[in-house]
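As structure tokens, the structure follows; a few thoughts come after it.
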Amino acid sequence: MNRKPTLAVVGATGAVGTVMLQILSQHADIWGEIRLVASPRSAGRKLAVRGAEVEVLALSEDVFDGVDVAMFDVPVDVAEQWAPIAASRGVVVVDNSAAFRMDPDVPLVVPEVNPHAARLRPRGIVANPNCTTLSMIVALGALHAEFGLRELIVSSYQAVSGAGKDGIDTLRRQLKLVAGSELGTGPGDVRRTVGDDTGPFPEPVALNVVPWVGALREDGWSSEEMKVRDESRKILGLPDLKVAVTCVRVPVVTTHSVTVHARFEDEVTVARAREILATAPGVVLFDDPAAGEFPTPADATGTDPTWVGRLRRALDDPTALEFFACGDNLRKGAALNTTQIAELIAGEFTSGG
Ligand code: 2RA
């Protein structure tokens, strides 16, 4: 087969779907038709992609006729129902929900780390990792390939857009309420001012940090922490990797950050780690504290790479590295990685592979 494949974007009107259309418009135009799909409520709307207005179609079985690859960004229950329907009609589904990530018959793919995994997809579905995993895994994968990862300790600093539009609206509403005040000096003063409606967060997020992301799992762990652990193990092919994660929400609109303590098989040097990160595809090493240079979400937002800084060897363990990484949770953390996977699969159509 050697033709331009047809792509469907399912969930085209959402926050991540919108970024997918921007990325498709910026990347090399490898697709034939691009079909936009959303819930019946959004059908009939027109959205711009590749410089043209395209009408949004309602999700149905027929909408997948003639489609080769579909990128899904929909809630878990919608993905659980519709991804297998699309796959049964011959479509390769690239799904950005948590529905299939840990299914042993569904590869979990980061094109810079394990692109080969996308070739073997017994269910016709490829999963895109969670945005927090994606904020570090490209850098970590490059270091693992050289040094052999043995243990991972991660703390996240997650943007409110990870909780969707409601998360962004909540932060903006709370920031208006606390702006220009003397709040943050007495116990409970922020909480009293923002009120009981804390949106999708369990505590006020303005002038605060909230050590909780996701739902409660066994023994006090959160679902988000379990995702980072399980997904890192699967992507790196290290099912027994020791992982400890603490996920924290911070008053940042876009771009998740993480601090990482990574322990490797043998002694590591910062010089070699710098070489690896400086040349790793998808990574930008921005690390010169003497010159005041390290990445922050304010600068990483809207960009594609994983930004890495504060690279040090652990003071008390010559086999371990410490670093800070951040990446746009809506781009590499969602729309970009999903699009990269779809483009990888598109190559099978255009190269006859
Ligand atoms: C969050 N990572 O930031 C989640 C979204 N998948 O809430």
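The values are calculated or read from the model by the stated rules, or taken from the named source; none is laboratory data. Please read all numbers here as calculations on a predicted model, not as lab measurements. Virtual Cβ from ideal backbone geometry, glycine too; neighbours counted across all protein chains shown. We work out accessible area using only protein heavy atoms, side chains counted, and drop any ligands, DNA or RNA first. Shrake-Rupley method; radii C 1.70, N 1.55, O 1.52, S 1.80 Å.
The set of residues from the range 109-134 being open to solvent by less than 20 Å² (accessible area, probe 1.4 Å), away from the ligand (no atom under 16 Å from the Cβ) and part of a helix (DSSP H, G or I) comprises just one member, 118. The listed residues are 258, 308, 268, and the only one of them that is more than 16 Å from the ligand (Cβ to nearest atom), buried (at least 17 other Cβ atoms within 10 Å of the Cβ) and not in a loop (DSSP other than H, G, I, E, B) turns out to be 308. Note on the range 2-15: among residues that are surrounded by fewer than 24 Cβ atoms within 10 Å (Cβ to Cβ) and not basic (Lys, Arg), the one that is nearest to residue 168 (Cα to Cα) is 15.
Whether a residue is closer than 30 Å to residue 18 by Cα, out of contact with any Leu (no Cβ under 6 Å at 6 or more places or on another chain) and open to solvent by less than 60 Å² (accessible area, probe 1.4 Å) was assessed, and residue 177 does not pass this test. Taking the criterion of being of a type outside the set (Gly, Ala, Ser) and either away from the ligand (no atom under 16 Å from the Cβ) or within 25 Å of residue 325 (Cα to Cα) (or both), the residues of the range 156-169 that qualify are 157, 158, 160, 165, 168.
Which residue out of 55, 80 is surrounded by fewer than 17 Cβ atoms within 10 Å (Cβ to Cβ) and within 30 Å of residue 256 (Cα to Cα)?
80
Do you know which of the residues in the range 217-244 that are away from the ligand (no atom under 14 Å from the Cβ) and of a type in the set (Val, Ile, Thr) is nearest to residue 102 (Cα to Cα)? Among those residues, the one meeting the criterion is 235. Whenever a residue of the range 101-127 is free of Cβ contacts under 8 Å to residues at least 24 places away in the same chain, its partners that are of a type in the set (Gly, Ala, Ser), lying with C-beta atoms within less than 8 angstrom and at least six residues away or across chains, give the pairs 106/127; 107/117; 107/118; 107/127.
Residue-by-condition table, conditions (1) within 16 Å of the ligand (Cβ to nearest atom); (2) buried (at least 19 other Cβ atoms within 10 Å of the Cβ); (3) among the β-branched types (Val, Ile, Thr); (4) without any contact (Cβ under 8 Å) to a residue 24 or more places away in the chain:
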position	(1), (2), (3), (4)
296	no, no, yes, no
319	no, no, yes, no
330	yes, yes, no, no
342	no, yes, no, no
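Scanning the range 283-319 for residues that are more than 27 Å from the chain's Cα centre (by Cα) and either on the phi > 0 side of the Ramachandran plot or among the hydroxyl-bearing types (Ser, Thr, Tyr) (or both) turns up 292, 319. The single condition from (1) away from the ligand (no atom under 16 Å from the Cβ); (2) open to solvent by less than 20 Å² (accessible area, probe 1.4 Å); (3) part of a helix (DSSP H, G or I) that residue 172 fails is (2). Please go through the range 344-353 and give me each residue that is over 23 Å from the mean Cα position of the chain (by Cα) and open to solvent by less than 40 Å² (accessible area, probe 1.4 Å), ordered by number. Selection gives 348, 349.
Would you confirm whether any residue within the range 148-155 is outside any helix (DSSP H, G or I), more than 16 Å from the ligand (Cβ to nearest atom), of a type outside the set (D, E, K, R) and open to solvent by 20 Å² or more (accessible area, probe 1.4 Å)? Step through it out loud before you land on a result.
Pass one, the range 148-155, residues outside any helix (DSSP H, G or I): 148-155.
Those left that are additionally more than 16 Å from the ligand (Cβ to nearest atom): 148-153.
Add one more test, that the residue is of a type outside the set (D, E, K, R), and what stays is 148-149, 152-153.
Those left that are additionally open to solvent by 20 Å² or more (accessible area, probe 1.4 Å): 153.
Looking for residues that are outside any helix (DSSP H, G or I), more than 16 Å from the ligand (Cβ to nearest atom), of a type outside the set (D, E, K, R) and open to solvent by 20 Å² or more (accessible area, probe 1.4 Å), one finds at least one in the range 148-155, hence yes.
Inside the range 231-255, can you point out the residues that are open to solvent by 10 Å² or more (accessible area, probe 1.4 Å), touching a residue at least 60 places away in the same chain (Cβ under 8 Å) and of a type in the set (D, E, K, R)? Passing the criteria: 234, 242, 249. The residues on offer are 196, 219, and the sole one that is of a type in the set (Asp, Glu) and part of a helix (DSSP H, G or I) is 219. Might you let me know whether the range 211-227 holds any residue that is basic (Lys, Arg) and under 26 Å from residue 144 (Cβ atoms)? Within the range 211-227, one or more residues are basic (Lys, Arg) and under 26 Å from residue 144 (Cβ atoms).
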